[in-house]
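Here's the structure we're looking at; comments come further down.
Just so you know, all these numbers are worked out from the coordinates, no wet-lab data involved. It should be emphasised that the depicted structure is a prediction, and the values quoted were computed from it without experimental measurement. We place every Cβ from the backbone using ideal geometry, glycine too, and count neighbours over all the protein chains shown.
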Number of protein chains: 2
Amino acid sequence: MFDQVDPRSPTPLYAQIANRLRIAIASGELRPTAPLPSVRQLAAQLRVNPATVVQAYRDLEDEGFVEMRQGAGTFVREVAPESRGRERARQASALVRKMLTEAGRLGVSIQELQAAIAEEIGVGTS
Amino acid sequence: MFDQVDPRSPTPLYAQIANRLRIAIASGELRPTAPLPSVRQLAAQLRVNPATVVQAYRDLEDEGFVEMRQGAGTFVREVAPESRGRERARQASALVRKMLTEAGRLGVSIQELQAAIAEEIGVGTS
DNA sequence: ACTACTGTATTACGACATCAATACAGTCTC
DNA sequence: GAGACTGTATTGATGTCGTAATACAGTAGT
C-alpha cells in the first residue's frame with residue numbers, strides 16, 4: 001500500500017503518512033476493522049523512526065479515523081456512515097471558516113472569494 | 001490608529017501588526033501615499049522591537065500594499081484600483097485552492113465543501 | 001508463563017521561526 | 001553639512017516543531 005515518503009518535502013513526514021492513510025480510509029480502500037501496518041513495520045518500510053509513524057496514527061485517531069489498541073495494533077474505526085458524514089461536514093465548515101478568516105485578514109471580500117470559488121470549482125457543479 | 005498587540009497570542013507579533021495595517025489599507029482608512037508610522041515610532045508605541053515592525057512592513061511591501069523608502073519612511077502604495085482588484089482576485093484564488101487541497105487530504109468532497117460554503121456564507125449572497 | 005509481537009512515554013537533538021540588540025546607510029530640514 | 005530623523009543589515013537568544021533514540025507497558029499465541 002505504501003511505497004515511499006519524501007524527507008525533503010515541506011510537509012512533515014508524519015503528515016504525509018497521515019494524508020495517505022486518510023484518503024485510503026475515506027475512499028474505502030481500507031475497510032473498517034482492517035488493521036493498519038504496525039508502527040515498527042511501517043517505519044521500517046518507509047525508513048522512518050517509529051515515533052514518526054506514531055504521530056501520524058495519533059492524528060488519525062484524534063480525527064476518528066482509526067483506533068489504537070496497545071499491544072494489539074491500530075485498526076480502521078467502524079463508524080456509522082451517517083456520523084462519519086456529520087464529521088466530514090464539521091471539518092468542511094472548519095475549512096471554510098478558516099478560509100474566511102484569512103480572507104478577512106487579507107482584505108479580500110466575500111464577493112471576490114465567491115468568484116474565485118466559482119472559477120476553481122466550476123459554477124454549475126452538483 | 002494602533003492601540004496594542006498581544007504577545008501571548010499564537011499569531012506572531014509581526015503578523016498581528018501586518019494584519020491590522022492590511023485591513024486599514026484595504027478598507028481605505030489609510031489612503032494611498034499616506035505615511036505609515038515610522039518603524040521606531042510604532043515599535044515604541046506597541047512596546048515591541050523595531051525589527052518586529054520592520055518584518056511586518058516588509059511583508060506588506062512584498063504583498064504590494066506599501067513602499068519602504070530608506071531615509072524617508074513607509075508609505076501606502078498608489079495602485080490602479082484595477083490592478084489591486086486583480087491582485088486580490090489572485091489571492092482569493094490562492095485561498096480557495098489551499099482550501100481544496102486540505103479538503104482533499106481530509107477526504108472531504110467538493111459537495112460537502114459547497115454545502116459548508118452555502119451554510120457559512122449564505123446561499124443567495126451576491 | 002514465556003515470547004514475540006503490539007502501542008506508550010520520555011528525552012534529546014537539529015532546524016527553523018520569532019523577537020531583540022546593535023551598528024550601518026540613506027534622506028530631509030535647517 | 002550637521003543633526004535628527006528615516007529604513008537596512010547582521011547577529012544572537014529563545015521557543016517550538018519535526019524527528020529520532022530508548023526504555024516502558026499491554027496483548028496474544030504457544
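How high is the relative contact order of chain B, given as a whole-number percent (alpha carbon pairs under 8 Å, six or more residues apart)?
On the way: 88 pairs, mean separation 25.5, N = 126.
Relative contact order of chain B: 20 percent.
Provide a whole-number value for the mean count of partner chain Cβ atoms within 10 Å of the Cβ atoms in peptide B:26-33.
Values: counts 6, 1, 0, 0, 0, 0, 0, 0.
Taking the mean over all residues of the peptide, I get 1.
Summarising the rotation from chain B to chain A, the nearest chain B beta-carbon to the axis and its distance in Å are given as B:99, 2.
The GNM of chain B, with springs linking C-alpha atoms under 10 angstrom apart, assigns the highest mean-square fluctuation among B:25, B:110, B:17 to B:110. Taken residue by residue and averaged, Cβ atoms of other chains lying within 10 Å of the Cβ of A:84-95 number 6.
For the segment A:14-25, counting C-beta atoms of other chains within 10 Å of every residue's C-beta and taking the mean gives 2.
Each of A:57, B:14 was scored by other Cβ atoms within 10 Å of its Cβ. Listed from fewest to most, they are B:14, A:57. By definition, a body whose alpha carbon gyration tensor gives a ≥ b ≥ c is prolate when a/c is 1.5 or more and a/b is larger than b/c, and the protein assembly as shown fits this prolate description.
To the nearest 500 deg cm²/dmol, what mean residue ellipticity at 222 nm is calculated for chain A from DSSP H runs of n ≥ 4 alone, each contributing -39,500 (n - 2.57), summed and divided by the residues?
Numbers: 5 runs with 73 residues, N = 126.
Computed mean residue ellipticity for chain A: -19000 deg cm²/dmol.
Applying 1/(1 + (r/R0)^6) with r as the Cβ-Cβ distance of residue A:119 and residue A:3 and R0 = 35 angstrom yields a FRET efficiency of 0.55. Remark on residue B:77: its backbone amide H falls under 5 Å from those of B:33, B:66, B:67, a criterion applied only to residues 5 or more positions apart or on other chains, H modelled at 1.01 Å from N.
In the assembly of identical copies, residue A:6 has its label point, taken 7 Å from Cα in the direction of the beta carbon, separated from the corresponding points by 3.7 nm (ascending, one decimal).
For region A:13-76, what relative contact order do you get, as a whole percent, if you take Cα pairs closer than 8 Å and at least 6 residues apart? Mind dumping the intermediate values first?
Values: 65 pairs, mean separation 25.9, N = 64.
Normalised by residue count, the contact order of region A:13-76 is 41 percent.
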